[in-house]
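The values are calculated or read from the model by the stated rules, or taken from the named source; none is laboratory data. What you are looking at is a predicted structure, and each value in this text was computed from that prediction instead of being measured. We place every Cβ from the backbone using ideal geometry, glycine too, and count neighbours over all the protein chains shown.
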Amino acid sequence: MAKIHILDEHIANQIAAGEVVERPASVVKELVENAIDAGSSKIDVSVEEGGLHSIRVTDNGSGIDPEDCETAFYRHATSKISQGRDLFQITSLGFRGEALPSIAAVSKVSLKTSNNLNGKGRQLVIEGGQLKVTEDIAAPQGTDFVVKELFYNTPARLKYMKTIQTELGHISDYMYRLALSRPDIAFTVRHNGNTLLQTMGNGDLLNVIAAVYGTGTAKAMLPLQGEDMDYRLSGFVSRPDWTRANRNAMSFIINGRYVRSYALSQAVLRGYHTMLPINRYPLIVLKLDMHPSLVDVNVHPSKLEVRFSKEPELLSFVEASVERILKQEVLIPRPARQN
Ligand code: ADP
Ligand code: MG
């Protein structure tokens, strides 16, 4: 008798969920990225008990066609790419079609969505990957996702959740980066009803820096701009006297996606050269835009790491741009500002 068989979709989704949904913050990240991809100008995130009790993400984006709602929860179901060559030209945050089935496999999900202005929409309720309700409803254009009791059916994973404060810390960290990556979107983040972050969505990055790090920090930032054949760079770097004890406040946004990059942070530090006190790090928000073929985002399911096809060139460009603005600052110091 044959011993090898293909796992059914339900088990496959639970396995994939292990990679995509590590903790409440991963759910927030995936839902908010979907809201961004849907072209939303306003995204509200509301979590209870560090997201362990519930996570709600409401957007005013394109919405999902009622016909597509159930399909969206199948594995590898996506509206964002369709051909192999699209993988080398990714312009959306999502493309793997894994988030919704993974989240739905390990929680209780309610989706309300409408893709039109005439108020007609669809509601779906899915628990542990099983469809419980699908019905027509009245709904405003956009999508409203509620995820409850994350990991209720995977006790081993639930056991590994940290305190509410730790889980909330991961959520707000992601939300800060997402807000910094999209100053054109108005974000609100609430925890147990208290507002943690609110941005205006007027496109002004310095405004978002002030909302995330405070107005004192925003005043200590130097604007950065640069361009070469392949790369366009913009953003802010802190004055060398405005530093932190770790590199957590160094944010890199590549083609609109927040990523982690040790190599890029090292390049920035080289740009500061000897201006930083020992073991101190600047606060920076760097946006880099490049042709999608120059960066591979398909390194890990979370897409937080990327590979650059011309890394040495990119790193020296970043280093030189940072060095240039800091030298200018030393030559023509700005008047001291009050915090
Ligand atoms: P991916 O983002 O990789 O395409 P997901 O599983 O996250 O995969 O989502 C599946 C599909 O569901 C998306 O491709 C999109 O068409 C649709 N979708 C999910 N969330 C939203 C949303 N907030 N607004 C509009 N469409 C959405
Ligand atoms: Mg997605």
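Before moving on, here are some points about what is shown:
Yes or no, residue by residue, for (1) crowded, with 22+ Cβ neighbours inside 10 Å; (2) within 7 Å of ligand 1 (Cβ to nearest atom); (3) of a type outside the set (A, V, I, L, M); (4) more than 15 Å from LEU111 (Cα to Cα):
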site: ALA25; (1), (2), (3), (4): yes, no, no, yes
site: VAL28; (1), (2), (3), (4): yes, no, no, no
site: SER41; (1), (2), (3), (4): no, no, yes, yes
site: ASP59; (1), (2), (3), (4): yes, yes, yes, no
site: ILE64; (1), (2), (3), (4): yes, yes, no, no
site: THR71; (1), (2), (3), (4): no, no, yes, no
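- Residues that are free of Cβ contacts under 8 Å to residues at least 12 places away in the same chain and either in a strand (DSSP E or B) or within 16 Å of MET175 (Cα to Cα) (or both) occur at least once in segment 209-218.
- Highlighted here are the strands (runs of 3 or more DSSP E) found entirely within segment 1-120 that include at least 2 residues which are touching a residue at least 24 places away in the same chain (Cβ under 8 Å) and farther than 26 Å from GLY201 by Cβ: 108-114.
- Scanning segment 11-23 for residues that are over 22 Å from the mean Cα position of the chain (by Cα) and away from ligand 1 (no atom under 16 Å from the Cβ) returns a single hit, ILE11.
- Which listed residue, of ALA99, ALA104, is in contact with a strand residue (DSSP E or B) (Cβ under 8 Å, 6 or more places away or on another chain) and either over 30 Å from ASP289 (Cα atoms) or within 15 Å of ligand 2 (Cβ to nearest atom) (or both): ALA104
- Some residue of segment 226-237 being over 16 Å from GLU319 (Cβ atoms), of a type in the set (A, V, I, L, M) and surrounded by fewer than 17 Cβ atoms within 10 Å (Cβ to Cβ): yes
- The single residue among HIS76, HIS53 that is within 16 Å of ligand 2 (Cβ to nearest atom) and either surrounded by fewer than 19 Cβ atoms within 10 Å (Cβ to Cβ) or closer than 30 Å to PHE308 by Cβ (or both) turns out to be HIS76.
- When the test is whether a residue is more than 23 Å from the chain's Cα centre (by Cα), within 15 Å of ligand 2 (Cβ to nearest atom) and modelled with pLDDT under 95, THR71 passes it.
- Screening ILE137, ILE126, ILE81 for residues that are farther than 25 Å from GLU48 by Cβ and either in contact with a helix residue (DSSP H, G or I) (Cβ under 8 Å, 6 or more places away or on another chain) or away from ligand 1 (no atom under 11 Å from the Cβ) (or both) leaves exactly one candidate, ILE81.
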